[in-house]
Protein chains: 2
Amino acid sequence: MEKISFNKVTVIGVGLIGGSLAIKLKEKKLARTIVGVGRGIANLEAAKRLGVVDSFTRDVKEGVKGSDLIVVAVPVQSILPVIKAAAPYIEKGSIVTDVGSVKKDVIKNAESLMPEGVSFVGAHPVAGTENSGVEAAFSGLFEGRKCIITPTANTDKKALEVVKRIWEEAGARVICMDAERHDIVLAAISHLPHMIAYSLVNTVSDIESHNEEILSYSAGGFMDFTRIASSSPEMWRGICTMNSDAIVEMIELFEKRLKALRRLIEEGDSEGLKGEFERAKNLRDSLKKYRQQTAKI
Amino acid sequence: MEKISFNKVTVIGVGLIGGSLAIKLKEKKLARTIVGVGRGIANLEAAKRLGVVDSFTRDVKEGVKGSDLIVVAVPVQSILPVIKAAAPYIEKGSIVTDVGSVKKDVIKNAESLMPEGVSFVGAHPVAGTENSGVEAAFSGLFEGRKCIITPTANTDKKALEVVKRIWEEAGARVICMDAERHDIVLAAISHLPHMIAYSLVNTVSDIESHNEEILSYSAGGFMDFTRIASSSPEMWRGICTMNSDAIVEMIELFEKRLKALRRLIEEGDSEGLKGEFERAKNLRDSLKKYRQQTAKI
């Protein structure tokens, strides 16, 4: 396996994901120096104080100067604007990569924005917590998680290998996938669940307003939903804007399912209800089995 | 505080809830003997083998004979039929209580089914896991959880105190509430989340059928949903049948919220989306604060 190491790494957006990757690169001594770039001075100062980055700047031009690796870890809606702003100052031979949860739009446009001799490789580490900002970052965030890389026909093979190695070093299992398929898969297993969690929490909040103290009775199930619904609003509005078609399609499929379940309840169809619930339970059980199998590999 | 102790306790339905209560009563030496009653012989044998009950029978008449406490811990739709079958054999001075997740229908009818001198007190320990059956039972299940007791104007004051004490001994915080309000509160914070989790899991399962391996990418959020959706189908069909009006009302409120969110996504209303997500996050944060406060008390 090829060894990788960088002279200067620039992390644009030193939040949960960007920060955790920086911590890992430092831990494994893969970067001589790491520069953080961002807008919020408090977060950048925290990144420096915590040793996540060696230095920081709010100036993209200065930040990318002389870097051989640039990691764009800003909310998805800002990835292309950031790349556009940075592009003129990126040096030949550098690799640019991102960590966004939506890929099709970014992939379609990022390659053409690269200056001569600079390679772009899109990546999405499927990891995260409900916390955000550099203070939530930690070295083990990507351990055992998947990282989906979305190369195109034009992707430089060597740069692709380097980005793969970065995520393997971070502890992730790397999978390559078409950007369009990535966006559909993520809409189903991540974006839809989040939209549902947000809607549920807001529904219960509506009910609370004319049914005092209802929330004080909340137990296990509902608390899990509120945790999911407490992820970064800034990040999620970006995801919704960038992957709207696939998310709307998934919401529609879900609406149909819920409507069918509501009918079964209205009609008191006890057998139908049991079938519906058993089906979900079976999926869970087969998923658990699948996870145990893959864990063994 | 009054001390309680029983000569013979009958637990009808020795599953997760009934079994965990039996374990606790034994642990605290509050029952001289505990008899399990049920339909499934394998589960009853397991209950005996695990020491959860001292003996068992499939005959309700024999099971309740000479008991001073009868705990009906069967799925909600079976509570009234079980009480009806047991009533003629329950001895004067006994207390009958249940643990059902739906209360209005049971409370309305259970009192009139009691023989002269027998008291009924409805209770609902808000606790559980996704597992069912006596092998999932454990002593700490009710620790720190709420137990909602739903007395009526006719409830015997002494019997009410006894049932309160039982649940306090089991580690729960006892709250008294009107049965109708109980059913609305539970529909919002427990039944609705479960219906949504079941629908989501089945939606993703539909998508999987024409989009292979989609599930292998599932991460944190979705796994939480599948856990919620793996609770006992038998139990949930009962809850849906017994609390259909309130559940349907909650589903309708949720459908409106989700539809509004879908519109914001379709329209690309970035500010509207952020507001929606922030609102949910704020609720979570205030809920966390609330929990920390009550934990201190």
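Summary table
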{"read-out": "Selection status of residue A:268, open to solvent by 10 Å² or more (accessible area, probe 1.4 Å) and on the phi > 0 side of the Ramachandran plot", "value": "yes"}
{"read-out": "Members of segment A:146-158 that are open to solvent by less than 20 Å² (accessible area, probe 1.4 Å) and within 14 Å of chain B (Cβ to nearest Cβ)", "value": "A:147, A:148, A:149, A:150"}
{"read-out": "Test result for residue B:10, under 19 Å from the mean Cα position of the chain (by Cα) and among the hydroxyl-bearing types (Ser, Thr, Tyr)", "value": "yes"}
{"read-out": "Selection count, segment A:211-227, where residues are in contact with a Pro (Cβ under 9 Å, 6 or more places away or on another chain) and open to solvent by 10 Å² or more (accessible area, probe 1.4 Å)", "value": "2"}
{"read-out": "Only listed residue being in the same structural domain as residue A:89 (by TED's automatic domain parsing) and surrounded by fewer than 24 Cβ atoms within 10 Å (Cβ to Cβ), chosen from A:208, A:143", "value": "A:143"}
{"read-out": "Pairs with Cβ under 9 Å, 6+ apart, first in segment A:263-286 and touching a residue at least 40 places away in the same chain (Cβ under 8 Å), second surrounded by 14 or more Cβ atoms within 10 Å (Cβ to Cβ)", "value": "none"}
{"read-out": "Selection from segment B:188-205 of residues that are facing chain A (nearest Cβ under 9 Å), under 30 Å from residue B:121 (Cβ atoms) and open to solvent by less than 10 Å² (accessible area, probe 1.4 Å)", "value": "B:188, B:189, B:192, B:193, B:195"}
{"read-out": "Residue within segment B:208-215 that is in a helix (DSSP H, G or I), more than 7 Å from chain A (Cβ to nearest Cβ) and of a type in the set (S, T, N, Q) present", "value": "yes"}
{"read-out": "Enumeration of residues in segment B:126-139 that are more than 10 Å from every other protein chain (Cβ to nearest Cβ), under 15 Å from residue A:221 (Cβ atoms) and surrounded by 22 or more Cβ atoms within 10 Å (Cβ to Cβ)", "value": "none"}
{"read-out": "Looking only at segment A:161-178, and only at residues there that are away from every other protein chain (no Cβ under 12 Å), outside any loop (DSSP other than H, G, I, E, B) and open to solvent by 10 Å² or more (accessible area, probe 1.4 Å), the one that is nearest to residue B:207 (Cα to Cα)", "value": "A:176"}
{"read-out": "Total residues in segment B:76-99, condition open to solvent by less than 50 Å² (accessible area, probe 1.4 Å) and not hydrophobic (A, V, I, L, M, F, W, C)", "value": "4"}
{"read-out": "Residues (among the hydrophobic types (A, V, I, L, M, F, W, C) and in contact with a strand residue (DSSP E or B) (Cβ under 6 Å, 6 or more places away or on another chain)) located in segment B:138-159", "value": "B:142, B:147, B:148, B:149, B:159"}
{"read-out": "Tally, over segment A:59-71, of residues that are open to solvent by 10 Å² or more (accessible area, probe 1.4 Å) and assigned to a strand (DSSP E or B)", "value": "0"}
{"read-out": "Failed criterion for residue A:281 (all others in (1) surrounded by fewer than 24 Cβ atoms within 10 Å (Cβ to Cβ); (2) facing chain B (nearest Cβ under 8 Å); (3) under 27 Å from the mean Cα position of the chain (by Cα) hold)", "value": "(3)"}
{"read-out": "Top-ranked residue in segment A:231-250 [being buried (at least 23 other Cβ atoms within 10 Å of the Cβ) and at the interface with another protein chain (Cβ under 7 Å from one of its Cβ atoms); ranked as farthest from residue A:76 (Cα to Cα)]", "value": "A:247"}
{"read-out": "Filter result for the condition that a residue is at pLDDT below 95 and under 30 Å from residue B:197 (Cβ atoms), over B:171, B:122, B:140, B:133", "value": "B:133"}
{"read-out": "Within segment A:100-119, tally of residues that are surrounded by fewer than 23 Cβ atoms within 10 Å (Cβ to Cβ) and farther than 22 Å from residue A:192 by Cα", "value": "11"}
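The values are calculated or read from the model by the stated rules, or taken from the named source; none is laboratory data. A quick note: this is a predicted structure, and the numbers were derived from the prediction, not measured. Heads up, the Cβs are rebuilt from the backbone with ideal geometry, glycines too, and the neighbour counts pull from every protein chain shown. Remember, those area values only see protein heavy atoms, side chains included, never the ligands or the DNA or RNA. Shrake-Rupley method; radii C 1.70, N 1.55, O 1.52, S 1.80 Å.
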